[in-house]
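The block underneath contains the structure these notes are about, expressed in structure tokens.
The values are calculated or read from the model by the stated rules, or taken from the named source; none is laboratory data. This structure is a prediction, so every number in the text was calculated from the model and none was measured. Here the Cβ positions follow ideal geometry from the backbone for every residue, glycine too, while neighbour counts run over all protein chains shown. Areas reflect the complete protein model, heavy atoms only, side chains present, ligands, DNA and RNA absent. Shrake-Rupley method; radii C 1.70, N 1.55, O 1.52, S 1.80 Å.
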Amino acid sequence: MLRVDSSEFHEPALLALLNLAVQDEKNKISIVEAGALEPIISFLKSPNPNLQEYATASLLTLSASPTNKPIISACGTIPLLVNILRDGSPQAKVDAVMALSNLSTTQPENLSIILETNAMPFIVSLLKTCRKSSKIAEKCSALIESLVGYEKGRISLTSEEGGVLAVVEVLENGTPQSREHAVGALLTMCQSDRCKYREPILREGVIPGLLELTVQGTPKSQPKARTLLQLLRESPYSRPKAEPDILENIVCDIISQIDGDDQSGRAKKMLAEMVQVSMEQSLRHLQQRALVCTPSEMPIASCASEVSSKY
């Protein structure tokens, strides 16, 4: 039906294959092996927006299979997906960036192709307009984190108006996974050339979000946030690492370099909250130690009673 020279068959065939492929790895592989890729990819260039949209959705689903990824990439799909990301319908743009993210995860060479097609402005545009807690923001931030591993990607992000700000907004308001990608992207930039990227990152008010991540982030994002805080200092190499007991000094150094009372106030408030959380964690640790104290140190019943009364 995909190969028949009649458009009335194409849309129902695409929808049928799409339904068969969803959450079925074997069917994803079988559809590609049956030769469906060639017509599906050709529909990306169709003037029919519905056909474009269904073809993009099909490629998104098929590209979720590790077996299919190198086959789809070898067919010249990436430039066509970037075209959809630029000119497609709103839904097609979402599916295109998610398909690009799928194709980049296990094949780093595809990142170079994505950069060569100048995809960053369109990725940033989508990230700026979507909800920062959405799945699409997670895919956009993951793709940006991978792309800024290349100098061309870093230049492209910082050259795009609001590019760094969009990443900072994900760091502040995204899902835990999105925030992990966002802080990873900013850290990669700062580590690659601190002198070049420190000011653009600081200028977008990243400090409060970083402070929150050091306490409430994922196990991966917490150390990244601490390392980035240290790099954003005026003299980042004066201490070997950002230990918790010197975090306040790091924050103070950064606050002194940020213009505006509002930024400083937010950072100080966040630091106070961090101290509060640290004190609560220390108290819970002491309470847990008290529960295993010996009779000679403290009566077990008395200890348990005191601990339970504090919860």
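Among the residues of the range 146-171, which ones are within 14 Å of Asn110 (Cα to Cα), in a helix (DSSP H, G or I) and open to solvent by less than 40 Å² (accessible area, probe 1.4 Å)?
Leu147, Gly153, listed by residue number.
Does the range 59-72 include one or more residues that are closer than 16 Å to Lys139 by Cα, over 21 Å from the mean Cα position of the chain (by Cα) and of a type in the set (A, V, I, L, M)?
yes
Determine whether Ile207 is surrounded by 15 or more Cβ atoms within 10 Å (Cβ to Cβ) and at pLDDT below 95.
Values: surrounded by 15 or more Cβ atoms within 10 Å (Cβ to Cβ): yes; at pLDDT below 95: yes.
Answer is yes for this residue.
With under 20 Å from Thr218 (Cβ atoms) and under 11 Å from the mean Cα position of the chain (by Cα) as the only criterion, which of Val148, Val167 stands out?
Val167
Got a number for residues in the range 38-50 being of a type in the set (A, V, I, L, M) and more than 13 Å from Asp95 (Cβ to Cβ)?
Here the count works out to 1.
What number of residues within the range 35-84 satisfy the criterion of being closer than 20 Å to Ala119 by Cβ and among the acidic types (Asp, Glu)?
1
Restricting attention to the range 124-145, and to residues there that are assigned to a helix (DSSP H, G or I) and farther than 14 Å from Leu165 by Cβ, which single residue is most open to solvent (accessible area, probe 1.4 Å)? Explain how you work it out, then say what you get.
Of the residues in the range 124-145, the ones assigned to a helix (DSSP H, G or I) are 124-129, 135-145.
With the extra rule that they be farther than 14 Å from Leu165 by Cβ, the set shrinks to 126, 135-136, 138-139, 142-143, 145.
Details: Leu126: 23, Lys135: 114, Ile136: 20, Glu138: 36, Lys139: 46, Ala142: 20, Leu143: 1, Glu145: 44 Å².
Selected residue: Lys135.
Listed here are the residues, each with its yes/no results for (1) touching a residue at least 40 places away in the same chain (Cβ under 8 Å); (2) hydroxyl-bearing (Ser, Thr, Tyr); (3) in contact with a Gly (Cβ under 6 Å, 6 or more places away or on another chain); (4) in a loop (DSSP other than H, G, I, E, B).
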{"position": "Met1", "(1), (2), (3), (4)": "no, no, no, yes"}
{"position": "Val4", "(1), (2), (3), (4)": "no, no, no, yes"}
{"position": "Ala13", "(1), (2), (3), (4)": "no, no, no, no"}
{"position": "Ile29", "(1), (2), (3), (4)": "no, no, no, no"}
{"position": "Val32", "(1), (2), (3), (4)": "yes, no, no, no"}
{"position": "Ile78", "(1), (2), (3), (4)": "no, no, no, no"}
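With the requirement that a residue be farther than 13 Å from Leu165 by Cα and open to solvent by 30 Å² or more (accessible area, probe 1.4 Å), what does the range 177-204 give you?
Gln177, His181, Thr188, Gln191, Ser192, Asp193, Arg194, Cys195, Lys196, listed by residue number.
List every residue pair whose Cβ atoms sit under 9 Å apart, with the two residues 6 or more apart in sequence or on different chains, where the first one lies in the range 107-136 and is on the phi > 0 side of the Ramachandran plot and the second, anywhere, is hydroxyl-bearing (Ser, Thr, Tyr) and crowded, with 16+ Cβ neighbours inside 10 Å.
Asn118/Ser156
If you check Gln107, Gln52, Gln23, which single one turns out to be open to solvent by 10 Å² or more (accessible area, probe 1.4 Å), in contact with a Ser or Thr (Cβ under 8 Å, 6 or more places away or on another chain) and not in a helix (DSSP H, G or I)?
It is Gln107.
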